[in-house]
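S.K.: Got a structure for you, questions after.
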Amino acid sequence: MDTHLNQLCINGPLSEAVSILDSMAQQGSKVKPFTYMNLLQSCIDKDCISVGRELHARIGLVRKVDPFVETKLVSMYAKCGHLEEAWKVFDEMRERNLFTWSAMIGACCRDRCWEEVVDLFYDMMRDGVSPDEFLIPKIVQACGKCGDLETVRLIHSLVVRCGMCSSMRINNSILAVYAKYGEMNCAKKFLENMDERDSVTWNAIITGFCQKGKIEQAQKYFDAMQEKGIEPSLVTWNILISSYNQLGHCDIAMDLMMKMESVGITPDVYTWTSMISGFAQRGRIYCAFDLLKEMFLAEIEPNSITIASAAAACASLKSLHMGLEIHSIAVKMGLVDDVLIGNSLIDIYSKCGNLKDAQSVFDMMLKRDVYSWNSIIGGYIQAGFCGKAHELFMKMQESDSRPNIVTWNVMITGYMQNGDEDWAFDLFQRIEKDGKIKPDTASWNSLISGYLQSGQKDKALQMFRKMQSFHIAPNSVTMLSILPACANLLALKKVKEIHCCAVRRNLVSELSVSNILIDTYAKTGNILYSRSIFDGLSLKDIISWNSLIAGYVLHGRSESALDIFYQMRKEGLQPRRGTFASIISAFGHSGMVDEGKKAFSSLSEEFHIIPGVEHYIAMVNLFGRSGKLAEALELIQSMPFEPNSFVWAALFTASRIHRNFGLAILAGERMLELEPGNTITHHLLSQAYSLCGKSWEAPKITKLGKEKDVPVGKCWIERKNLVYTFVVGDQSKRYPDKLHSWLKQSDLRNMEV
């Protein structure tokens with residue numbers, strides 16, 4: 001009977017084996033363990049779980065059920081994809097050997113149950129069974145997957161104690177986990193103690209340094225690998241090329257790819273995709289497209305990630321014609337039904353304002369994920385069609401892809417940008433109730449920035465305070481939004497509060513936040529704080545220098561501004577547009593006209609920057625301060641574009657200071673032409689005519705002009721953490737009668753004096 005059963009294992013059918021076993025049972029016969037295990041192996045090979053279960057039900061027919069038979073049963077269930085039944089057999093076993101534990105750990109590895117693998121390792125150790133050199137790499141891999149470094153260290157010590165240090169498989173697995181989790185000092189020491197190294201060893205250490213962004217160290221090991229006589233494989237080259245691309249060093253990555261080809265290794269789809277993605281992320285879209293064409297010529301077929309990378313570049317640069325090319329390639333390759341490609345195409349058309357085609361792609365998609373919905377909704381929001389976006393938003397809630405926090409935030413931002421703050425705030429309040437998710441920092445940021453854009457600074461600050469009371473941690477975007485709202489002389493206390501918040505959250509370590517603090521402190525009147533933050537920066541960019549220079553100019557400290565400028569030049573930084581506007585103003589404050597003129601000339605001649613209106617305003621102020629009004633007027637008349645009201649205002653102010661009322665009247669009339677409804681200009685021009693001894697009949701202000709009325713004078717007083725605004729001529733009931741009474745008494749006293 002055993003011979004016949006073994007024959008069935010080879011030729012089948014397996015179902016006949018069950019009938020034979022039943023016949024043996026009737027005869028009182030038993031089957032050999034070896035034969036029974038062969039039958040179970042055949043069930044594994046033929047993925048026949050139904051026969052396997054029948055065999056399990058007849059396990060009592062085996063002459064001796066030992067751990068090897070039960071282990072094979074565990075393997076059968078596990079390899080046929082029934083892990084729960086494998087666990088049941090495993091748990092019922094009275095005796096387990098190394099093979100049993102290996103079978104169960106292998107089953108959990110196949111099902112990616114990594115934490116269960118680690119638990120099994122500890123259970124087997126408690127059971128007095130140590131893993132061998134074949135099992136340890138699987139356990140280490142599981143530790144790597146669930147981030148259990150402590151267990152890896154324990155296994156490392158076990159390997160040393162058990163004398164398994166010469167096993168390359170074990171060593172490579174431990175090294176890979178150390179490198180993956182950035183334990184590079186441990187990884188380096190471990191590598192140095194290894195007797196043998198192969199390409200897997202070197203790939204692990206190179207990958208670790210690449211992930212840490214230490215590309216120079218990775219390159220060092222890449223070179224050392226070749227010095228030791230191990231030629232880098234395609235995988236090794238791809239690791240290094242990908243890392244250089246991710247760090248933005250696309251040209252170096254390109255050189256590496258060419259070097260790789262020169263040593264006889266052909267780039268694969270991963271290499272090309274990495275290169276295309278690298279150039280695309282750096283905004284070098286034409287280079288990315290050239291590489292895509294070369295990829296086709298090399299007969300390497302792009303995958304969905306390749307096409308999506310090129311599409312992302314088109315979307316970021318809003319290049320519709322290249323987006324159409326990508327769409328055409330996707331259609332020809334039959335990738336248009338891929339969700340990733342569909343999403344990329346929606347993104348291109350949406351960002352390019354071609355909503356008709358974006359909607360067409362969306363409608364034709366067989367499958368949609370949350371990104372598909374977010375892209376099309378974001379496209380309509382960006383174009384200002386909040387109604388259509390809301391319609392899609394409602395449909396999304398009924399679809400398989402429910403709105404996530406990004407969707408809600410996009411909708412809130414859209415309504416805020418559209419000036420519908422009430423709708424936006426209503427959506428914000430419904431996030432948790434309807435969406436079953438909590439608002440995140442970005443949700444609060446959307447409201448704060450929206451209120452600021454509509455000029456409602458008080459509401460923005462109120463939302464910021466509420467955000468903190470709800471224990472929502474602000475991020476750098478919050479700081480960059482809220483701090484400019486405090487850039488006035490009365491908000492110093494509030495700026496200090498926000499600064500403390502940024503320090504507690506360690507946001508000051510982000511250069512953009514420190515830069516905005518330098519700027520805001522200067523505008524609130526505390527240039528010493530600005531300088532203190534600037535001096536404390538370990539890394540400074542051009543914005544850091546420009547912010548401090550502009551701050552010193554604002555405070556009239558021209559010498560300090562120029563000192564910082566010269567220091568910046570010594571550091572090797574090139575001045576930008578904003579730098580020159582501040583520096584020309586600084587020269588103007590110091591009466592250094594010739595130096596200011598040289599700085600203005602160097603803009604285009606040395607630095608190839610086309611002067612903007614801010615530079616012309618600075619130059620008019622420079623000439624005006626030194627009384628060179630004719631040169632100021634000549635400069636305005638030679639401007640390559642129409643001067644705006646700020647240019648003429650600079651000339652008007654200088655003319656009044658130097659009592660050239662004729663020129664003041666000319667500048668004032670130009671200001672009035674550009675802003676006919678500006679009451680301040682009316683008032684100042686009337687004064688200029690009066691001082692010149694001429695009568696002037698002010699033109700009638702239209703209804704539109706009246707709507708734009710700007711009060712002639714304003715002042716602010718801070719009292720008990722509240723800011724009160726006083727406007728000339730305001731007799732409203734906002735202010736107590738006692739205040740008006742006090743003001744009248746003050747006027748009477750002044751008249752008596």
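The values are calculated or read from the model by the stated rules, or taken from the named source; none is laboratory data. Just so you know, these numbers come straight off a predicted model, no measurement behind them. Quick reminder, even Gly has a Cβ in these numbers, built from the backbone with ideal geometry, and neighbours come from all protein chains shown.
S.K.: Return the total of residues in the range 190-229 being of a type in the set (Ser, Thr, Tyr) and closer than 21 Å to ARG153 by Cβ.
M.R.: 2
S.K.: Also, quick follow-up: Which pairs do you get when a residue that is within 18 Å of ILE542 (Cβ to Cβ) and among the aromatic types (Phe, Trp, Tyr), found in the range 555-575, comes within reach of a residue that is outside any helix (DSSP H, G or I) and modelled with pLDDT under 95, reach meaning Cβ atoms under 9 angstrom, with the pair 6+ apart or on two chains?
M.R.: Filtered contacts from the range 555-575: PHE565/PRO575.
S.K.: Of all helices (runs of 4 or more DSSP H) completely enclosed by the range 199-276, which ones contain at least 2 residues that are surrounded by 14 or more Cβ atoms within 10 Å (Cβ to Cβ) and basic (Lys, Arg)?
M.R.: Once the helices (runs of 4 or more DSSP H) in the range 199-276 are filtered for at least 2 residues that are surrounded by 14 or more Cβ atoms within 10 Å (Cβ to Cβ) and basic (Lys, Arg), nothing remains.
S.K.: Now for a separate question. Contact list please: Cβ distance under 6 Å, first residue in the range 482-505 and in contact (Cβ under 8 Å) with a residue 24 or more places away in the chain, second residue of a type in the set (Phe, Trp, Tyr) and surrounded by fewer than 18 Cβ atoms within 10 Å (Cβ to Cβ), pairs at least six apart or on different chains.
M.R.: Filtered contacts from the range 482-505: LEU490/TRP716.
This table checks each residue for (1) within 25 Å of ASP519 (Cβ to Cβ); (2) of a type in the set (Lys, Arg); (3) within 26 Å of the chain's Cα centre (by Cα); (4) surrounded by 15 or more Cβ atoms within 10 Å (Cβ to Cβ).
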{"site": "TYR415", "(1), (2), (3), (4)": "no, no, yes, yes"}
{"site": "GLU432", "(1), (2), (3), (4)": "no, no, yes, no"}
{"site": "THR441", "(1), (2), (3), (4)": "yes, no, yes, yes"}
{"site": "PHE464", "(1), (2), (3), (4)": "yes, no, yes, yes"}
{"site": "THR478", "(1), (2), (3), (4)": "yes, no, yes, yes"}
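S.K.: Still on this structure, I have one more. Among the residues of the range 87-107, are any closer than 30 Å to PRO137 by Cα, in contact with a strand residue (DSSP E or B) (Cβ under 9 Å, 6 or more places away or on another chain) and either at pLDDT 85 or above or hydroxyl-bearing (Ser, Thr, Tyr) (or both)?
M.R.: No, there is no match, as no residue in the range 87-107 is closer than 30 Å to PRO137 by Cα, in contact with a strand residue (DSSP E or B) (Cβ under 9 Å, 6 or more places away or on another chain) and either at pLDDT 85 or above or hydroxyl-bearing (Ser, Thr, Tyr) (or both).
S.K.: Can you work out which of the residues in the range 516-552 that are among the polar types (S, T, N, Q) and part of a helix (DSSP H, G or I) is farthest from LYS570 (Cα to Cα)?
M.R.: THR520
S.K.: Residues that are in a helix (DSSP H, G or I), surrounded by fewer than 22 Cβ atoms within 10 Å (Cβ to Cβ) and either within 34 Å of the chain's Cα centre (by Cα) or without any contact (Cβ under 8 Å) to a residue 24 or more places away in the chain (or both): does the range 129-140 have at least one?
M.R.: The answer is no; no qualifying residue exists.
S.K.: Return the residues of the range 183-198 that are assigned to a loop (DSSP other than H, G, I, E, B) and farther than 13 Å from SER173 by Cα; say none if nothing qualifies.
M.R.: Answer for the range 183-198, where residues must be assigned to a loop (DSSP other than H, G, I, E, B) and farther than 13 Å from SER173 by Cα: GLU183, ASP195, GLU196.
S.K.: Can you go through GLU133, GLU92, GLU85 and tell me which one is of a type outside the set (Gly, Ala, Ser), closer than 28 Å to ALA57 by Cα and touching a helix residue (DSSP H, G or I) at 6+ places or on another chain (Cβ under 6 Å)?
M.R.: GLU85
S.K.: Mind counting the residues in the range 58-101 that are surrounded by 22 or more Cβ atoms within 10 Å (Cβ to Cβ) and touching an Asp or Glu at 6+ places or on another chain (Cβ under 6 Å)?
M.R.: 1
S.K.: Identify all residues within the range 44-70 that are in a helix (DSSP H, G or I) and more than 22 Å from SER15 (Cα to Cα); write none if there are none.
M.R.: PRO67, PHE68
S.K.: Let me ask something else about it. I'm told LYS457 meets every condition in (1) more than 23 Å from the chain's Cα centre (by Cα); (2) free of Cβ contacts under 8 Å to residues at least 12 places away in the same chain except one. Can you identify the failing condition by its number?
M.R.: Among (1) more than 23 Å from the chain's Cα centre (by Cα); (2) free of Cβ contacts under 8 Å to residues at least 12 places away in the same chain, LYS457 violates only (2).
S.K.: Another question about this same structure. Please find, among LYS351, LYS318, the residue that is within 20 Å of the chain's Cα centre (by Cα), charged (D, E, K, R), under 24 Å from TYR286 (Cβ atoms) and surrounded by fewer than 20 Cβ atoms within 10 Å (Cβ to Cβ).
M.R.: Just a single option satisfies the conditions, and that option is LYS318.
S.K.: Could you grab me the full set of residues in the range 14-43 that are surrounded by 15 or more Cβ atoms within 10 Å (Cβ to Cβ) and not in a helix (DSSP H, G or I)?
M.R.: LEU14, LYS30, VAL31, LYS32
S.K.: Given the criteria surrounded by fewer than 22 Cβ atoms within 10 Å (Cβ to Cβ) and more than 33 Å from the chain's Cα centre (by Cα), does TYR566 qualify?
M.R.: So TYR566 passes the test.
S.K.: Further, regarding this structure: Tally time: how many residues in the range 554-578 are farther than 21 Å from LEU528 by Cα, assigned to a helix (DSSP H, G or I) and of a type in the set (D, E, K, R)?
M.R.: 3
S.K.: Pick from the range 596-625 the residues that are assigned to a loop (DSSP other than H, G, I, E, B) and under 35 Å from the mean Cα position of the chain (by Cα): which of them is surrounded by the fewest Cβ atoms within 10 Å (Cβ to Cβ)?
M.R.: HIS608
S.K.: Taking THR413, is it farther than 30 Å from ALA330 by Cβ and in contact (Cβ under 8 Å) with a residue 24 or more places away in the chain?
M.R.: Taking the combined requirement at face value, the residue does not satisfy it.
S.K.: Checking the conditions here, which among SER274, SER309 is small (Gly, Ala, Ser), modelled with pLDDT of 90 or more and in contact with a helix residue (DSSP H, G or I) (Cβ under 6 Å, 6 or more places away or on another chain)?
M.R.: SER274
S.K.: Take PHE652 and decide whether it is closer than 15 Å to GLY591 by Cβ and either among the hydrophobic types (A, V, I, L, M, F, W, C) or buried (at least 17 other Cβ atoms within 10 Å of the Cβ) (or both).
M.R.: no
S.K.: For the structure I just gave you, tell me whether TRP114 is closer than 23 Å to GLN141 by Cα, aromatic (Phe, Trp, Tyr), surrounded by fewer than 22 Cβ atoms within 10 Å (Cβ to Cβ) and at pLDDT 90 or above.
M.R.: The answer is yes for TRP114.
S.K.: Further question: What's the total number of residues in the range 392-437 that are under 13 Å from ILE377 (Cα atoms) and aromatic (Phe, Trp, Tyr)?
M.R.: 3
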